[in-house]
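The structure under discussion appears below in the form of structure tokens.
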Amino acid sequence: MQISVAGKQIDLSDALKHRVTGHLDRLADKYFDRALEAQVTFSRARSFFTCDINLHAARGLTLRGEGEGTDAHGAFDDAAEHMARRLRRYRERVNDHIRTLPRRKSPEMGRSYILRPADDTERAPNGAAREAITHAYATIVAERTAEIATLSVSEAVMRLDLAASTLLMFRNSISEQINVIYRRQDGNIGWLDPTPG
């Protein structure tokens with residue numbers, strides 16, 4: 001597994017890098033046949049350190065852990081424990097998910113956009129009326145392609161939780177419709193299903 005360890009405006013010791021690499025290798029060997037890559041980023045915020053771990057375990061399966069501590073080692077321990085706790089909860093389902101990946105349909109490619117609110121005004125296209133037109137929609141400032149995997153709702157919830165994400169779009173394996181699950185502000189999961197009820 002390829003592991004990159006970096007610090008944002010801080011220098012990391014070789015001992016810390018070696019410890020992070022060894023720990024993530026053991027974690028990946030315990031839960032996955034072959035994990036692809038991991039990125040670990042340390043940063044310092046006032047009086048504490050933060051650690052952000054992104055582990056790409058298999059095609060379409062990403063795990064995320066975040067931690068804080070008084071030193072970089074403590075921050076890494078906290079982030080690694082968050083990941084390990086989620087992996088223990090989903091251990092059987094993660095392994096089943098990875099084993100069934102080759103038999104599933106290939107994921108569809110979709111577009112992902114980053115929008116910025118429009119504060120600017122534009123002039124009307126015809127030269128006679130020079131009134132300012134204010135757009136009520138946002139401007140697209142970035143876009144990328146994203147895979148839309150075919151999953152069951154429970155698998156989608158598992159992926160949402162493992163990636164510590166707030167939203168996931170997927171094709172429902174039962175209805176074949178595009179669905180969205182999202183984490184609500186109260187901590188529960190919301191599910192958008194366009195299938196007529």
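Here is how the numbers come out for the structure above:
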item: Complete set of residues in the stretch 151-181 that are outside any loop (DSSP other than H, G, I, E, B) and either surrounded by fewer than 16 Cβ atoms within 10 Å (Cβ to Cβ) or among the small types (Gly, Ala, Ser) (or both); result: SER154, ALA156, LEU167, ILE178, VAL180
item: Residue check for LEU55: in contact (Cβ under 8 Å) with a residue 60 or more places away in the chain, of a type in the set (A, V, I, L, M), in contact with a helix residue (DSSP H, G or I) (Cβ under 8 Å, 6 or more places away or on another chain) and under 24 Å from LEU160 (Cβ atoms); result: no
item: Top-ranked residue of the stretch 68-88 - restricted to ones that are farther than 19 Å from TYR31 by Cα and out of contact with any Ser or Thr (no Cβ under 7 Å at 6 or more places or on another chain), ranked as surrounded by the fewest Cβ atoms within 10 Å (Cβ to Cβ); result: THR70
item: Selected residue (criterion: surrounded by the most Cβ atoms within 10 Å (Cβ to Cβ)) from residues of the stretch 37-51 that are of a type outside the set (Lys, Arg) and farther than 15 Å from MET83 by Cβ; result: PHE42
item: Any hit, the stretch 65-79, residues being at pLDDT 85 or above, more than 22 Å from SER165 (Cα to Cα), among the aliphatic types (A, V, I, L, M) and part of a helix (DSSP H, G or I); result: yes
item: Scan of the stretch 5-36 for residues that are under 15 Å from ASN54 (Cβ atoms) and loosely packed, with under 14 Cβ neighbours inside 10 Å, ordered by number; result: ALA6, LYS8
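The values are calculated or read from the model by the stated rules, or taken from the named source; none is laboratory data. As the structure is a prediction and not an experimental result, all values here were calculated from the model. Neighbour counts run over all protein chains shown; Cβ positions are idealised from the backbone, glycine included.
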